[in-house]
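Right, one structure below, let's go through it.
The values are calculated or read from the model by the stated rules, or taken from the named source; none is laboratory data. In this text, all values refer to a predicted model and were calculated from it rather than measured experimentally. Methodologically, a virtual Cβ is constructed for each residue, glycine included, from the backbone with ideal geometry; neighbour enumeration extends over all protein chains shown. The accessibility values were calculated without ligands, DNA or RNA, using every heavy atom of the protein model including side chains. Shrake-Rupley method; radii C 1.70, N 1.55, O 1.52, S 1.80 Å.
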Amino acid sequence: MMSDKSVALGGVMISESEARLRRIDCSYIMAEHFHLNTPLLESVSMSRRAGTPVFLKMENSQPSGSFKIRGIGHLCQQLGTKSKGVVCSSGGNAGMAAAYVARKMGVPATIVVPSSSPPTVIQKLKDQGAAVQIVGKVWDDANAEALRLTETEGLTYVPPFDHPLLWQGHASVISEVAASLGPSGKPGAVVLSVGGGGLLCGVVQGLKDVGWTEVPIVAMETVGADCFNAAVKAGRRVTLDDITSEAKCLGAKTVCEQAFKYSQCKELKIISELVTDQQALHAVETFLDEERVLVEMACGAALAAIYSGLLHRLQDEGRLPTPLGPLLVIVCGGSSVDMEQLTNLRNKLQT
Ligand code: PLV
């Protein structure tokens, strides 16, 4: 029989078997993450349009409503729970993720959003137990206030897109896809939306992790929230004068440095493309009709790559291969949408 001698744990003597159990529990807690392994759905109607199988990574089904929870959950876990509280500047979805994670960790959260955030998002943030401050017109204004609170209140700053720990967390979206599709299921291209560039950096990291760096990325933005496209065109990072698109969650005025660096990297193929707000809205509506899922404009930008025929144009121009392997679309999700918001957008954009 195995002896069950006593060992010290945290200054208390407990039996070896008890200690073993606690070590297992502890490693379980360390391995736990806040995001879910989301469904990977094949869309027949989108596949028909694209002329190749289209796989949808359904990040809309994350507990906070978007992919943001992957990076923010990871970052908050790494920074630890000892913080006085966290402060996150957000167009909405990073804030939802930060509020959710902070609630689960038992840490107070302050979310600073610009006035463009719809009332439903502000209410949802409050429902998650966060204190909400509305500052400025666009995300950059809200971010300046969040950074000020970090200084004056001693809160831990949670950035929405510009941090290596966020990208590391976001990278899990690709390793999940690789596990689902298997070694022979390498995508022909990945389609995603770009705001400040955090998702793009995470996906690049994920592609590196699984050895898929040759897979082209189609990086979508809307006209008027196009800081990545402007940087790619200028050959340097530029700051937009204003955000004029209704895809407010893509509305960072300057793309993060790492996303720009990746755009210049010869080993990667990142194709930066724009759609109009009308095309993004049309994509949101078609997706709702055909897939029965409501996502926000920020996500509509990525979906529009297929619904607007843009992918075929890229193939015609020789920028994507023909035939093209399966398409992976990151359905980034978003909480800034409901029927009222959708009706408002229709009235605004379709007149
Ligand atoms: N939204 C950020 C930044 O806003 C936020 O604070 O929520 N799709 C959705 C649904 C998003 O919410 C965002 C970013 C993106 C795509 C783009 O991700 P990013 O910023 O990592 O490129 C200003």
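For helix 277-291, what angle does its Cα long axis make with the longest principal axis of the chain, in degrees from 0 to 90 and rounded to 10? With rounding to tens, the tilt is 70 degrees. Expressed in units of 2.2 N^0.38 Å, where N is the residue count, the Cα radius of gyration of the chain is 1.04.
For region 63-155, the relative contact order works out to 28 percent when only alpha carbon pairs closer than 8 Å and six or more residues apart are counted. Among the GluC sites (Glu not before Pro) in region 204-259, which ones are in a DSSP loop with at most 10 other Cβ atoms within 10 Å of the Cβ? Mind listing them? Qualifying residues, ordered by number: Glu214.
Centre-to-centre separation between the Cα atoms of region 32-50 and those of region 185-240: 19 Å. So what's the gap between the Cα centers of region 96-153 and region 289-318, to the nearest angstrom? Centre-to-centre distance over Cα atoms comes out at 30 Å. Scanning the chain for trypsin sites (Lys or Arg not before Pro) that sit in a DSSP loop and have at most 11 other Cβ atoms within 10 Å, the longest stretch containing none of them is 85-235.
Along the axis of the charge dipole computed for the chain (Cβ charges of +1 for Lys and Arg, -1 for Asp and Glu, origin at the Cα centre), the listed residues Ile271, Leu327, His163 are led at the positive end by His163. In the assembled protein chains, Thr222 presents an accessible area of approximately 0 Å² (probe radius 1.4 Å).
Helix-derived [θ] at 222 nm for the chain: sum -39500 (n - 2.57) over DSSP H runs of at least 4, divide by residue count, nearest 500?
My calculation for the chain gives -14000 deg cm²/dmol from helical runs alone.
Rolling a 1.4 Å probe across all protein chains gives His35 an accessible area of roughly 20 Å². Seen against the Cα atoms of the chain and their longest principal axis, helix 16-31 is set at about 20 degrees.
When each pair of different Cα atoms in region 84-132 is counted once in the 1/r mean, what is the Kirkwood radius in angstroms, to one decimal?
Details: mean 1/r = 0.0982 Å⁻¹.
Mean inverse Cα-Cα distance, inverted, gives 10.2 Å.
Taking GluC sites (Glu not before Pro) across region 288-351, the ones in a DSSP loop with at most 15 further Cβ atoms lying within 10 angstrom of their Cβ are Glu317. For region 271-351, the alpha-carbon coordinates run over 41, 24, 20 Å along the three principal axes, in decreasing order.
Looking at region 37-143, the pairs of alpha carbons with a distance over 23 Å make up 36% of the total. DSSP bridge analysis restricted to the chain gives an antiparallel fraction near 25%, rounded to the nearest 5. For the residue pairs Lys104/Lys253; Lys68/Lys248; Lys233/Lys266, alpha carbon separations beyond 26 Å are given by Lys104/Lys253. Largest to smallest in accessible area, the residues Phe287, Phe34 fall in the order Phe34, Phe287 (1.4 Å probe, all protein chains included). When Rg and the Kirkwood Rh are both derived from Cα coordinates, the Rg/Rh ratio for region 149-218 amounts to 1.12.
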